[in-house]
Amino acid sequence: MKYTKYPELKAELKELAKEIRYWKSHRKLDKRTSIGKNIWDIDCRINYLKNKFRHRHIAYCMLRGRRYEQIELTCKVPPNFRIVDKIMEEHAQQKTVCAGA
């Protein structure tokens with residue numbers, strides 16, 4: 001039996017990853033014109049989603065017992081730990097859910 005810790009946060013990470021892949025695939029001119037967006041609009045959206053994913057990923061790993069040094073070995077810009085702490089507080093009360101029987 002496999003248990004999933006923090007299933008809501010994990011599902012949110014999967015959804016963000018899917019959305020990032022969608023917008024990255026629509027940067028080419030033919031796909032971009034079909035949805036009616038400018039390249040700067042798409043790039044701004046991708047950067048916003050990447051930043052959101054990064055903070056949630058750090059919070060998810062820290063909730064599971066990792067230290068920050070283990071999560072990001074090298075980074076040029078440190079994350080905003082107030083955001084990470086807020087996400088951890090929101091999801092700290094979740095229970096472990098059985099993923100399958």
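Lys5 meets all of the listed conditions (1) within 30 Å of Glu90 (Cα to Cα); (2) without any contact (Cβ under 8 Å) to a residue 24 or more places away in the chain; (3) of a type in the set (Lys, Arg) but one, namely (2).
Candidates in the range 50-81 are the residues that are touching a Leu at 6+ places or on another chain (Cβ under 9 Å) and aromatic (Phe, Trp, Tyr); of these, the one that is farthest from Glu8 (Cα to Cα) is Phe53. Under the condition of being closer than 15 Å to Lys52 by Cα and not aromatic (Phe, Trp, Tyr), the residues counted in the range 9-38 number 13.
Read the figures in this text as sums done on the coordinates, not as results from a lab. Note that the coordinates shown come from a computational prediction; the quantities given were computed from them, not determined experimentally. Here the Cβ is made from the backbone with ideal geometry for all residues, glycine too, and neighbour counts use every protein chain on show.
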